[in-house]
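Only the coordinates and a few stated rules stand behind these numbers; no lab work does. Nothing here was measured: the structure is a model prediction, and the numbers come from that model. When we count neighbours, we look across all protein chains shown, and the Cβ atoms used for this are built from the backbone with ideal geometry, even at glycine.
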Amino acid sequence: MIVHTIFLFPMPEAGATFELPREEAEHLFKVFRASVGDAVDVLDGAGRRGRAVVEPGKLLKMETVSFFPPPAKEIHLYCALPRRNKQDDLLKQTTELGVTAIHPVICQRSVAQSEPTPRWEVLMREACKQSKNPYLPELAAPQDFAASLEEAKSRGLTLVYGSVAPAETTAFAEARGVAYFVGPEGGFSPEEFALLEKNGAAGVNLGPYVLRLETAAVAGIAVLRKLLAVLLLSLALTACDRPVNQSAYMAKGRSYQEKGDYVLAEKFFRRAALKYPGAYEPAFALASLYEESLHEPYGAVYYYHEGLKHLPKDHADRPFYEAACRRLEETLTNAHAAPVADPALTAELEKYRAEVISLRQIIQRQQHTVATLRRELDAAKRQKNKK
């Protein structure tokens with residue numbers, strides 16, 4: 001059965017009957033020809049995914065609503081923009097891969113400069129619908145290279161860039177996430193590359209060949225997503241002299257997780273837990289699998305607690321796992337907080353949410369207009385100087 005996906009913010013609560021905005025309604029009923037009884041997935045771009053059913057009168061009824069906590073490690077793309085015909089693909093593909101935010105960077109060799117527009121958000125929404133990614137990436141205003149570096153550092157992100165050198169950075173454990181820098185066609189200038197190294201940026205190997213800008217952006221996000229997905233598992237296996245880490249069950253579980261076969265990975269981690277009762281490694285491996293790969297936060301919290309029961313009090317990684325467990329618990333608590341009882345207050349809240357979206361779109365359009373006027377003014381000044 002094909003389940004169509006729509007984008008709707010704010011997300012109606014479970015049990016609510018609602019009407020779609022005009023564009024989404026036309027797409028669902030005219031393009032996809034949805035009919036009464038068809039199932040529809042609903043995304044709000046803020047972590048919630050619902051399942052609705054088409055009712056008579058082109059209405060939808062929300063059956064269930066689930067919340068997906070954001071990834072434990074964020075990936076911010078700091079990227080010089082390609083020309084417009086390539087920008088669309090870059091926005092859509094990096095959104096499908098789950099990038100947290102896209103920060104346009106103005107480099108010395110940049111060939112294209114543009115401000116985020118409402119069309120960019122439309123493209124990213126379509127990518128979320130295609131991939132069922134519950135999080136719409138943040139769109140930042142363009143900055144020059146040096147300012148982008150400073151902003152990434154202020155966010156507590158690890159700085160990385162694509163490289164043909166046979167090396168990868170694994171220095172993600174203490175960071176909130178990763179700032180991945182991609183240069184323009186022709187690459188970073190010597191001064192920009194020196195600034196990257198001065199600020200401790202590390203290369204991530206993307207293969208032996210030099211990639212185009214948009215290819216490097218997509219390939220890098222995919223590689224980093226894979227590295228971050230196994231980070232928690234790697235931290236759980238730091239005590240490599242313990243027999244549980246050397247067992248065939250744990251080795252097979254790690255192998256299947258790296259290949260993306262999460263069902264078999266879960267099976268072998270569970271077998272390791274049964275064979276080694278009281279060991280913390282299988283529990284943390286399962287917590288990582290449930291959080292990063294299976295997107296089941298309740299299961300992840302359970303296994304975090306199971307691992308912490310057996311992890312020594314003075315173990316170096318204990319603060320990390322306690323913080324990860326606490327973060328997930330707080331996220332789930334906030335997601336399932338009691339709804340506002342007063343219908344009038346609920347309606348008012350929904351109205352303000354819609355106004356926030358509208359204001360954000362207006363601001364983006366104004367930023368685009370200002371950027372256009374600035375370019376025209378610069379061009380006029382250059383023309384006057386020539387005369």
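List of remarks:
- Rounded to whole numbers, the Karplus 3J(HN,Hα) couplings from phi for the stretch 53-65 are 10, 6, 10, x, x, 6, 9, 10, 10, 6, 8, 9, 9 Hz, using 6.51 cos²θ - 1.76 cosθ + 1.60 with θ = phi - 60°, and x at Gly and Pro.
- Full extension of the chain segment joining Asn199 with Ala112 gains 28.8 nm, where the gain is 0.36 nm per residue of separation less the Cα-Cα distance.
- Per-residue HN-Hα couplings for the stretch 140-156 [Karplus 6.51, -1.76, 1.60; θ = phi - 60°; Hz; x = Gly/Pro]: 9, 6, x, 9, 6, 4, 4, 5, 5, 4, 5, 5, 4, 5, 5, 7, x
- For Val204, nonlocal amide neighbours, meaning residues 5 or more places apart or on other chains whose placed amide H falls under 5 Å from its own, are Tyr161, Gly162, Ser163.
- Evaluating 6.51 cos²θ - 1.76 cosθ + 1.60 at θ = phi - 60° for every residue in the stretch 15-27, the Karplus couplings come out as x, 7, 9, 8, 10, 7, x, 4, 5, 5, 5, 5, 5 Hz, glycine and proline recorded as x.
- Remark: relative contact order (the stretch 19-130) = 20 percent; criterion is Cα-Cα distance under 8 angstrom and separation of 6 or more residues.
- Seen from Thr95, the other residues with C-beta closer than 12 Å to its C-beta sum to a net charge of -2, counting Lys and Arg as +1 and Asp and Glu as -1.
- Residue pairs, from the table Lys267/Lys313; Lys58/Lys129; Lys132/Lys226; Lys129/Lys153; Lys61/Lys267, whose Cα atoms sit over 30 Å apart: Lys129/Lys153; Lys61/Lys267
- In this label model, Ala25 and Asp144 are separated by 5.0 nm, measuring between points 7 Å along each Cα→Cβ vector.
- Taking amide H atoms as placed 1.01 Å from N in the peptide plane, the amide H of Glu185 lies under 5 Å from those of Val111, each 5 or more residues away in sequence or on another chain.
- Here the average projected area of the convex hull drawn through the C-alpha atoms of the stretch 74-229 stands at 8.4 nm².
- Only Cα pairs under 8 Å and 6+ residues apart enter the sum, and on that basis the relative contact order of the stretch 74-229 stands at 31 percent.
- The H on the amide N of Ala16, modeled in the peptide plane, is under 5 Å from the matching H of Met62, each at least 5 residues off or on a different chain.
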